[in-house]
Amino acid sequence: MVIRKRLDLQGPAAAFITATLHNFVRLFEDESRANQMTEQIGETSSHYRASILAWIVMPSHIHLLLGFPAIERMSDFVRDLKQLSARRISPVLDASTRNDFGLPPSGSIWQPRFDDLIVTSDRQLRVKMNYIHENPVRVGLVSLPTDYRFSSAVDWMSGHAGLLPVDKNWEWLDREE
């Protein structure tokens, strides 16, 4: 069972979140759909005032390391992220594409659940951040984490700005909800 279901957590906290597409379909191999997902991560994070610490859009899933000023809003964040991204991406999926991917004719592109872990130490934060950035290397998509476009690896490893703003100064800790 995930930590958030056992504890009554409130206030600022960092969380590692994984959400997976229905049947592990590889919808985000398509660059335009990966861009749409990336944009939705940015918009939903901004709406919830959550700081993006690390992120990646893999072909069949996403990993996020987020700083929430109010961790009790994490489930709402994930619900909205999945609903809004499905609304953004589903219109470009015709019946044939849905069938090819094994998706239901209508409905969500996401599995109904998500995984989360409340980050409780600096070490755990580093482990999760490295896991996110090394993910495309482990599965053979790229040779170096910084070569993968839909990730925060470039922000942390090269110092260049990536596709989404990354909070390296832990500003989320100073935000009021």
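The values are calculated or read from the model by the stated rules, or taken from the named source; none is laboratory data. It should be emphasised that the depicted structure is a prediction, and the values quoted were computed from it without experimental measurement. For neighbour counting, all protein chains shown are included, and Cβ atoms are generated from backbone atoms with ideal geometry for every residue, glycine included.
Things worth noting here:
- When each of 24, 77, 16 is tested for being touching a strand residue (DSSP E or B) at 6+ places or on another chain (Cβ under 8 Å), under 20 Å from residue 151 (Cα atoms) and at pLDDT below 95, the lone residue that passes is 24.
- Taking (1) free of Cβ contacts under 8 Å to residues at least 60 places away in the same chain; (2) within 20 Å of residue 169 (Cα to Cα); (3) of a type outside the set (Phe, Trp, Tyr) in turn, residue 67 satisfies each apart from (1).
- Scanning the stretch 147-161 for residues that are crowded, with 16+ Cβ neighbours inside 10 Å and over 12 Å from residue 130 (Cα atoms) turns up 148, 149, 150, 154, 155.
- Picking from residues in the stretch 24-52 that are touching a helix residue (DSSP H, G or I) at 6+ places or on another chain (Cβ under 7 Å) and aromatic (Phe, Trp, Tyr), the one that is farthest from residue 77 (Cα to Cα) is 28.
- Residue match in the stretch 44-56 (condition: without any contact (Cβ under 8 Å) to a residue 60 or more places away in the chain, more than 21 Å from residue 170 (Cα to Cα), touching a strand residue (DSSP E or B) at 6+ places or on another chain (Cβ under 8 Å) and not charged (D, E, K, R)): no
- Residue, nearest to residue 43 (Cα to Cα), within the stretch 64-109, restricted to residues that are acidic (Asp, Glu) and over 16 Å from the mean Cα position of the chain (by Cα): 72
- Apart from one condition, residue 126 fits all of (1) modelled with pLDDT under 95; (2) more than 25 Å from residue 79 (Cα to Cα); the exception is (1).
- Any hit, the stretch 123-146, residues being of a type in the set (Phe, Trp, Tyr), over 29 Å from residue 10 (Cβ atoms) and surrounded by 14 or more Cβ atoms within 10 Å (Cβ to Cβ): no
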